[in-house]
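The values are calculated or read from the model by the stated rules, or taken from the named source; none is laboratory data. Predicted model, so just to flag it, every value in this text is computed and none were measured. In this analysis, Cβ positions are derived from the backbone assuming ideal geometry, glycine residues included, and neighbour counts consider all displayed protein chains. The area values use the complete protein model at the heavy-atom level, side chains included, leaving out ligands, DNA and RNA. Shrake-Rupley method; radii C 1.70, N 1.55, O 1.52, S 1.80 Å.
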Amino acid sequence: MNIKNRIAAALIMAAMTLSSFASSPIVTQVPERPAGQSDMVGFAADPIDTVRVGVIGLGMRGASAVDRLIKVPGAKVVAICDIEMPRVEKSLQYFDKAGLPRAAAYGGKEDSWKELVERPDLDLIYIVTDWKNHTPMALYAMEQGKHAAIEVPAAMNLDEIWALINTSERTRRHCMMLENCVYDFFEMNTLNMAQQGLFGEVLHVEGSYIHNLEEFWPYYWNNWRMDYNREHRGDVYPTHGTGPACQLLDMHRGDRMTTLVAMDTKAVNAPAYIERTTGKAPESFANGDHTMTMIRTAEGKTLHIQHDVVNPRPYSRMYQLTGTKGFANKYPMEGYAFEPAQLANDEVPDHENLSAHGYISDAQRQALTEKYIHPIIKEVGEVAKSVGGHGGMDYIMDYRLIYCLRNGLPLDMDVYDLAEWCSLIPLSALSIENGSAPVEVPDFTRGNWQKIKGYRHAFKN
């Protein structure tokens, strides 16, 4: 072989090697389960007749959580805490208005929350603080023998995620993320339709958090949320879109995420906002204005998740489902589409006039929703609307958490759901920072993701 041929062959081999390397996902390690621990898949704790709750964090989300929880049957808010005492006093007024004894009040110091958690008369610690404090507080709660419910995102990196999993497994305490968007009415009714087979096999789902937060930035205590976006890259707030999508795909109940790829735009509007409101441009801003993450599952399904909190776009959590027999979409317009033969005459009027090229009519959609209303919506939907909280979905979330604890049932979302949904934060950053390379998603169940077949809500007999 002459020198030119040798060089050409070497270049071809090098290109093939680089191509093979580039297509191999970045591996994320799964630590071995500590000795003596077992998984929490399908875990149910002993029933608690009255769930005694301590609430930490009384800002935008926390105060309204107190107001809702005191209205949930079987829940008793025993103690509340915030670093700023005026917030504590404001939240105590909810008890006065409801004619209930005031909860014990804690606050004024950065570690006042520990005094609350250490109380022996609490079963559940409800955490509604800034993101950086979510995991430390939940870990301490479980170590003190309490169940933990954590606002989104519950964990911001893989170390926090594995710490929550290991502590939950070791202490045998629930660790649930308070993902309210899985309880919205359209999502729950659509989930019921999917579970009844109306869409055939669900192949692709989409979700997002697209919400221009310009009017809200000033209300985040000590500017914590903007600071996090300034310092970190990736989808830092993925769970509102990811949660409903994962329930449609039976994640950890017959399927799991295996690989993701993410990319983002450059940062424009976020640093411009800082300059406009402070008079000084930031020296750097890590997070792009818009982030996209594509995910593949073990069963060959796909997810598309987006994050954008700085651009002038209408609010959207996307929520889109593509199945082999039908389609569902919530934003910007709610609608369903089906193959002509998919629906029967007893399900919708004029079923023979269906076309998968367009949405079914409003009358057909109303008839379909009435037939496939989710049992939880049917049970508590009207009460939820009257109590409020994002149209009632917040109340349903609280109601279901207390219901499952009272009846000794598996929670609607377990620690592995928390882990997988939150993992998009560090894994999307890892992909972006490596040229949008594919990244392996860890098996957070450590081999137990097929232990349960199909996602279902638990009910008492």
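Somewhere in the range 9-30, is a residue more than 30 Å from Met413 (Cβ to Cβ), surrounded by 10 or more Cβ atoms within 10 Å (Cβ to Cβ) and modelled with pLDDT of 95 or more?
Scanning the range 9-30, I find no residue that is more than 30 Å from Met413 (Cβ to Cβ), surrounded by 10 or more Cβ atoms within 10 Å (Cβ to Cβ) and modelled with pLDDT of 95 or more, so the answer is no.
So, Ala105, is that one buried (at least 22 other Cβ atoms within 10 Å of the Cβ) and in contact with a helix residue (DSSP H, G or I) (Cβ under 7 Å, 6 or more places away or on another chain) or not? Show your work before the answer.
Numbers: buried (at least 22 other Cβ atoms within 10 Å of the Cβ): no; in contact with a helix residue (DSSP H, G or I) (Cβ under 7 Å, 6 or more places away or on another chain): yes.
So Ala105 does not fit the description; no.
Name every residue in the range 191-243 that is out of contact with any Leu (no Cβ under 7 Å at 6 or more places or on another chain) and polar (S, T, N, Q), in order of residue number.
Asn192, Gln195, Gln196, Ser208, Asn212, Asn222, Asn223, Asn229, Thr239
Among the residues of the range 288-340 satisfying the criterion of being among the β-branched types (Val, Ile, Thr) and open to solvent by 10 Å² or more (accessible area, probe 1.4 Å), which is nearest to the chain's Cα centre (by Cα)? Let's see the steps before the verdict.
Within the range 288-340, the subset among the β-branched types (Val, Ile, Thr) is 291, 293, 295, 297, 302, 305, 309-310, 322, 324.
Those left that are additionally open to solvent by 10 Å² or more (accessible area, probe 1.4 Å): 302, 310, 322, 324.
On the way: Thr302: 17, Val310: 20, Thr322: 20, Thr324: 26 Å.
Applying the filter and picking the extreme gives Thr302.
(1) touching a residue at least 40 places away in the same chain (Cβ under 8 Å); (2) open to solvent by less than 60 Å² (accessible area, probe 1.4 Å): which one isn't true of Asp82, the others all being true?
(1)
Filter the range 285-301 for residues that are touching a Leu at 6+ places or on another chain (Cβ under 7 Å) and outside any loop (DSSP other than H, G, I, E, B); which is nearest to Ser428 (Cα to Cα)? Talk me through it step by step, then tell me what you get.
Filtering the range 285-301 down to residues touching a Leu at 6+ places or on another chain (Cβ under 7 Å) leaves 293-295, 297, 301.
Pick out the ones that are also outside any loop (DSSP other than H, G, I, E, B) and you get 293-295, 297.
Details: Thr293: 7, Met294: 9, Ile295: 10, Thr297: 16 Å.
Result: Thr293.
I want to confirm something. Restricting to the range 42-68 and keeping residues that are hydrophobic (A, V, I, L, M, F, W, C) and touching a Phe, Trp or Tyr at 6+ places or on another chain (Cβ under 7 Å), which single residue is modelled with the lowest pLDDT?
Met60
Got a number for residues in the range 121-151 being open to solvent by 10 Å² or more (accessible area, probe 1.4 Å) and of a type in the set (Val, Ile, Thr)?
2
Need the failing condition index for Arg172 against (1) open to solvent by 40 Å² or more (accessible area, probe 1.4 Å); (2) in contact with a Gly (Cβ under 9 Å, 6 or more places away or on another chain); (3) closer than 26 Å to Ser38 by Cα, just the number.
So Arg172 meets the others, but not (2).
Which residues, counting only those in the range 66-88, are out of contact with any Asp or Glu (no Cβ under 7 Å at 6 or more places or on another chain) and basic (Lys, Arg)?
Of the range 66-88, the ones out of contact with any Asp or Glu (no Cβ under 7 Å at 6 or more places or on another chain) are 66-67, 70-71, 73-77, 79-82, 84-87.
Passing the criteria: Lys71, Lys76, Arg87.
Out of the residues in the range 260-275 meeting the condition of being open to solvent by 40 Å² or more (accessible area, probe 1.4 Å) and in contact with a Pro (Cβ under 8 Å, 6 or more places away or on another chain), tell me which one is nearest to His290 (Cα to Cα).
Val261
Sort out which residues of the range 206-223 are open to solvent by 50 Å² or more (accessible area, probe 1.4 Å) and under 22 Å from Val268 (Cβ atoms), and write them in order of number. Working first, answer last.
Keep residues of the range 206-223 that are open to solvent by 50 Å² or more (accessible area, probe 1.4 Å), which gives 214-216, 218-219, 221-223.
Result: Glu214, Glu215, Phe216, Pro218, Asn223.
Just to be sure, is Gly392 touching a residue at least 40 places away in the same chain (Cβ under 8 Å), assigned to a helix (DSSP H, G or I) and at positive phi?
Judged against the criteria, Gly392 is a match.
Does the range 200-208 contain any residue that is at pLDDT 95 or above and outside any strand (DSSP E or B)?
Taking the range 200-208 and keeping what is at pLDDT 95 or above, we get 200-208.
This time we only want the ones that are outside any strand (DSSP E or B), so: 200-201.
Yes, the conditions are met somewhere in the range 200-208.
Among the residues that make up the range 430-446, is at least one of them out of contact with any Cys (no Cβ under 6 Å at 6 or more places or on another chain), open to solvent by less than 10 Å² (accessible area, probe 1.4 Å) and in a helix (DSSP H, G or I)?
Step one: filter the range 430-446 for residues out of contact with any Cys (no Cβ under 6 Å at 6 or more places or on another chain), giving 430-446.
So of that shortlist, the ones also open to solvent by less than 10 Å² (accessible area, probe 1.4 Å) come out as 431, 439, 441-442, 444-445.
This time we only want the ones that are in a helix (DSSP H, G or I), so: 431.
The answer is yes, given that some residue of the range 430-446 is out of contact with any Cys (no Cβ under 6 Å at 6 or more places or on another chain), open to solvent by less than 10 Å² (accessible area, probe 1.4 Å) and in a helix (DSSP H, G or I).
Pairs only if they're at least six apart or on different chains, beta carbon under 6 angstrom, first in the range 32-60 and in a strand (DSSP E or B), second charged (D, E, K, R) and surrounded by 13 or more Cβ atoms within 10 Å (Cβ to Cβ); list them, first residue then second.
Taking only residues 6 or more apart or on different chains, the pairs are Val51/Asp123; Arg52/Lys76; Arg52/Asp123.
Only residues that are out of contact with any Leu (no Cβ under 7 Å at 6 or more places or on another chain) and either on the phi < 0 side of the Ramachandran plot or assigned to a helix (DSSP H, G or I) (or both): list them for the range 140-156, please. Before you say what the answer is, go through the steps one by one.
Step one: filter the range 140-156 for residues out of contact with any Leu (no Cβ under 7 Å at 6 or more places or on another chain), giving 140-145, 148, 153, 156.
Scanning the range 140-156 gives Tyr140, Ala141, Met142, Glu143, Gln144, Ala148, Pro153, Met156.
Would you be able to say whether some residue in the range 407-419 is touching a residue at least 40 places away in the same chain (Cβ under 8 Å), closer than 27 Å to Lys146 by Cα, surrounded by 18 or more Cβ atoms within 10 Å (Cβ to Cβ) and among the β-branched types (Val, Ile, Thr)?
For the range 407-419, residues touching a residue at least 40 places away in the same chain (Cβ under 8 Å), closer than 27 Å to Lys146 by Cα, surrounded by 18 or more Cβ atoms within 10 Å (Cβ to Cβ) and among the β-branched types (Val, Ile, Thr): present.
Can you tell me which residue is most open to solvent (accessible area, probe 1.4 Å) among those in the range 341-369 that are part of a loop (DSSP other than H, G, I, E, B) and either of a type in the set (Lys, Arg) or touching a His at 6+ places or on another chain (Cβ under 8 Å) (or both)?
Looking at the filtered set, the residue picked out is Asn345.
Considering each of Tyr237, Tyr273 in turn, give the residue that is more than 25 Å from Asn448 (Cβ to Cβ), outside any loop (DSSP other than H, G, I, E, B) and out of contact with any Cys (no Cβ under 6 Å at 6 or more places or on another chain). Lay out the reasoning, then the answer.
Details: Tyr237 fails: outside any loop (DSSP other than H, G, I, E, B).
Exactly one of Tyr237, Tyr273 is more than 25 Å from Asn448 (Cβ to Cβ), outside any loop (DSSP other than H, G, I, E, B) and out of contact with any Cys (no Cβ under 6 Å at 6 or more places or on another chain), namely Tyr273.
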